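See structure below.
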Amino acid sequence: MTVEAILRSKGNAVFTIRPENSAGEAAALMSSRRVGVAVVCDVRGQVIGVVSERDIVAGISQFGKGIVDIPVRNLMSSPVVTCAPSDPAKKVLEVMSERRIRHLPVVERGELIGLVSIGDAVSYRLRQTQLEAAVLRDFAAVR
């Protein structure tokens, strides 16, 4: 059970923003797309950070109403913890739990190819566990 399998199941849509964009633009993007995070990429498309709802809330306490105009680079979490498509889902869950983060950009050969949330990973593992249980029940019923 790998990150690649999770992406196949959920899709690989990921929303990006540039570091010079404002927190207001990031909030509008996340709100319109109904997501909790945007990946911050430089002009070459390299992942340099992530900005989340949590980062914006922390920015409100630091900058007040002026947060709307603050560049994302001043709020984003960086350096970014990423994962690879070949990483096991269990490892990704462990990293997210240990680091207390909810999203991991999926990077392959330096290219952003998706985003996995803790909800995606838990949901996938739950479906796999339910499938395994059903197979074992069927096997036991045959015996």
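Where a number appears in this text, it was derived from the coordinates with a stated rule and is not lab data. Everything quoted here is computed from the prediction, not taken from an experiment. Reconstructed Cβ throughout: ideal geometry from the backbone, glycine too, with neighbour counts over all protein chains shown.
Computed about the Cα centre, the dipole magnitude for the chain is approximately 360 debye when only Lys and Arg (+1) and Asp and Glu (-1) carry charge, each at its Cβ. For the Cα atoms of the chain, what angle does the longest principal axis make with the long axis of helix 23-33, in degrees from 0 to 90, nearest 10? Helix 23-33 sits roughly 30 degrees off the main axis of the chain.
Amide H to amide H distances under 5 Å link Leu115 with Val106, where only residues 5 or more positions off or on other chains count and H is placed in the peptide plane.
Note that segment 71-84 has calculated 3J(HN,Hα) couplings of x, 3, 4, 7, 10, 5, 8, 7, x, 8, 8, 10, 9, 10 Hz, one per residue in order, obtained from phi through the Karplus relation 6.51 cos²θ - 1.76 cosθ + 1.60 (θ = phi - 60°); glycine and proline are x. The slack between Lys90 and Asn74, meaning 0.36 nm per residue of separation minus the straight C-alpha distance, is 2.6 nm.
So which trypsin sites (Lys or Arg not before Pro) in segment 6-114 end up in coil per DSSP with only 12 or fewer other C-beta atoms within 10 Å?
On the way: sites: Arg8, Lys10, Arg33, Arg34, Arg44, Arg54, Lys65, Arg73, Lys90, Lys91, Arg99, Arg100, Arg102, Arg109; in loops: Arg34, Arg44, Arg100, Arg102, Arg109.
When the trypsin sites (Lys or Arg not before Pro) of segment 6-114 are filtered for loop state and at most 12 Cβ neighbours within 10 Å, Arg34, Arg44, Arg100, Arg109 remain.
Think of it as helices only: each DSSP H run of n ≥ 4 in the chain is worth -39500 (n - 2.57), and spread over all residues that comes to -14500 deg cm²/dmol at 222 nm. With Cα Rg over 2.2 N^0.38 Å defined as stated, name the option among (1) 1.29; (2) 1.00; (3) 1.23 computed from the structure displayed. Matching the structure shown: (3). Helix 118-142 and the longest principal axis of the C-alpha atoms of the chain enclose an angle of approximately 0°.
Along segment 108-113 the Karplus relation, 6.51 cos²θ - 1.76 cosθ + 1.60 evaluated at θ = phi - 60°, assigns HN-Hα couplings of 10, 6, x, 10, 6, 10 Hz to successive residues, with x for each Gly and Pro.
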